[in-house]
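Every number here is computed from the coordinates shown, using simple stated rules; none is lab data. Just so you know, these numbers come straight off a predicted model, no measurement behind them. Note: ideal-geometry Cβ built from the backbone for every residue, glycine included; neighbour counts use all protein chains shown.
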Amino acid sequence: MSTIGALKWRYATKKMTGEKVSQDKVDQVLNAARLAPTCAGLQPFKVIVVTNPELKEKIKAVAYGQSQITDCSHLLIFAAWDNYTEERIRNVYAHANRERGQSEAETADFVNNMVNMFGSKTPEESFQHAARQAYIGFGLALTEAALLKVDATPMEGFDSEKLDELLGLKALGLRTTTLLPLGYRDTAGDWLVNLKKVRTPLEDFVTEFN
């Protein structure tokens, strides 16, 4: 299936069957998020995978009772860095240097520029920037799921502060951004499944300057 075909096939699934998604497909979705482009290659977010039924129930309670949270196979939680600290930035590039066989001296100027640039931001500005990077990974994960014919529902409808507390994310320097339940659509119980996909026409969506 092409990407366009997959995007036409997918929809924000409202009811899932509870059928398990194979681990190899989940891993492909996670790798799509991992391989996503991010600003300066910093990858300032993590993906938390929840399959534990009891924890899903607790998450559902802070996500306005949305049934996909408990009916899905795997719940992916995208969580962004709460701040761009010097230690985090230097750790990312130290890892890249080791993988590429480069010395610290070769990238020192670039790394110092990144430390100075992000060091000028407030923690909230840092989080908002990191959250936008997380959304890039989120979008690619959603697309990969569609290519694999795995249903997914993008979700922002949850109490992020309560979810952060539930998962103990403050101690990890993370804050939640979005949820992505993975599973399979319940064609008999989902009111949205057979409705036509409607989007803005391309001629109205795109503005050209020639």
Which of LYS20/LYS46; LYS56/LYS170; LYS149/LYS170 have a Cα-Cα distance over 26 Å?
LYS149/LYS170
In Å, descending, principal axis extents of the Cα set of the stretch 104-158:
46, 29, 10
The chain: longest stretch without exposed chymotrypsin sites (Phe, Trp or Tyr not before Pro) (DSSP loop, at most 11 other Cβ within 10 Å), sites themselves excluded?
65-190
How are the alpha carbon pair distances in the stretch 45-125 distributed across 10 Å bins from zero to the largest one, expressed in percent?
16, 30, 20, 21, 12, 0
Which longest run of the chain has no exposed loop site in it, a site being GluC sites (Glu not before Pro) in a DSSP loop with at most 10 other beta carbons within 10 Å, and the site itself not part of the run?
1-155
Normalised by the number of residues in the stretch 1-88, what is the relative contact order in percent for Cα pairs under 8 Å and 6+ residues apart?
37 percent
Relative to 2.2 N^0.38 Å, what does the C-alpha radius of gyration of the stretch 1-58 come to as a ratio? Two decimals please.
1.43
For the stretch 75-210, size of Cβ-based charge dipole, Lys and Arg +1, Asp and Glu -1, in debye:
300 debye
In µm²/s, what is D for the stretch 161-210 at 25 °C and 0.890 mPa s, where D = kT/(6 pi eta Rh) by Stokes-Einstein and Rh is the Kirkwood radius from Cα pairs?
155 µm²/s
Per q in 0.07, 0.15, 0.16 Å⁻¹, report the Debye log10 I(q)/I(0) for the chain, using one uniform scatterer on each alpha carbon and no solvent.
-0.26, -1.02, -1.10
Normalised by the number of residues in the chain, what is the relative contact order in percent for Cα pairs under 8 Å and 6+ residues apart?
36 percent
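Of all the Cα-Cα pairs you can form in the stretch 98-210, what percent are over 20 Å apart?
67 percent
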